[in-house]
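S.K.: Mind having a look at this structure? Questions to follow.
Taken together, the values in this text are just the output of simple stated rules run on the coordinates, not laboratory data. Just so it is clear, the model here is predicted, and its values are computed rather than measured. Please note: Cβ atoms are built from the backbone with ideal geometry, for glycine as well, and neighbour counts cover all protein chains shown.
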Amino acid sequence: MPVTTEPRYLFYSRPLRPTLVRPLLVFQDEHVAVKHLADGSVLASDLRNGVDGQEDEAGWRRTLTATARRLVPLLEHVRYPVMVRGVYDVTPDAQLVVGPIRQRPGLWTACGMNGRGLMLAPSVGRLVRDGLTTGADLPADLAPGRFTGAGTGAGERQVI
């Protein structure tokens, strides 16, 4: 199964009041997302793969801070002292993999959510349930075996 990890980094401010940014703001062309969270902290994220740990974290934080301020002037005074590293599980076509593993009877997979696991979990859960309990057909474009043939296509690359 060609599922790999890609690093993602989130930067958080200390709790601030009042709320500066109500919805999640995604600036697709800039690859930046910002949101004021319920605990009062502001989240800023570069939606690309991020740094590999060898780059200058402070420099990346300065760049992200400057970009967030330029895009949302209300964030001018916000600092992001906390960085959290995580990973996305990604597939070559940036689409999830759901279904039985033909080489291992009885084994199913639901992975490669590419950072969309919380959004996709209810639907994926229903797909797996229906496949296991009723034998319902699963979408062929999500099948684990799709990577054995030629051309997996290009999937969504702007993942939040």
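S.K.: What order do you get for HIS36, HIS77, HIS31 when you list them from fewest to most C-beta neighbours inside 10 Å? Spell out each step's value before the answer.
M.R.: Details: HIS36 25, HIS77 9, HIS31 15.
Least to most surrounded, the residues fall as HIS77, HIS31, HIS36.
S.K.: How big is the C-alpha Rg of segment 7-89 next to the rule-of-thumb value 2.2 N^0.38 Å, as a ratio? Can you show the working numbers first?
M.R.: Details: Rg = 12.0 Å, N = 83, 2.2 N^0.38 = 11.8 Å.
It is 1.02.
S.K.: Mind telling me which of ARG129, ARG22, ARG104 comes out most flexible in a GNM of the chain, alpha-carbon contacts under 10 Å?
M.R.: ARG104
S.K.: When the chain is treated as a GNM, springs tying every alpha-carbon pair under 10 Å, which of ALA136, ALA66, ALA110 comes out with the largest mean-square fluctuation?
M.R.: Sorting by GNM fluctuation, first place goes to ALA136.
S.K.: Tell me whether segment 61-122 comes out rounded, prolate or oblate; compute the Cα gyration tensor, take square roots of the eigenvalues as a ≥ b ≥ c, and use a/c under 1.5 as the rounded threshold. Kindly include the intermediate steps, with their values, before the conclusion.
M.R.: Numbers: a/c = 3.84, a/b = 3.51, b/c = 1.09.
Here segment 61-122 falls in the prolate category.
S.K.: Using only the Cα atoms of the chain, build the gyration tensor, take square roots of its eigenvalues as a ≥ b ≥ c, and label the shape rounded, prolate or oblate: rounded if a/c is under 1.5, else prolate if a/b is larger than b/c, else oblate. The partial results should precede the final answer.
M.R.: Working: a/c = 2.89, a/b = 2.11, b/c = 1.37.
Prolate shape, in that a/c is at least 1.5 and a/b is the bigger ratio.
S.K.: Same structure again: Taking the chain as a Gaussian network, where each spring joins two C-alpha atoms under 10 Å apart, which residue of GLN103, GLN28, GLN95 fluctuates the most?
M.R.: Sorting by GNM fluctuation, first place goes to GLN103.
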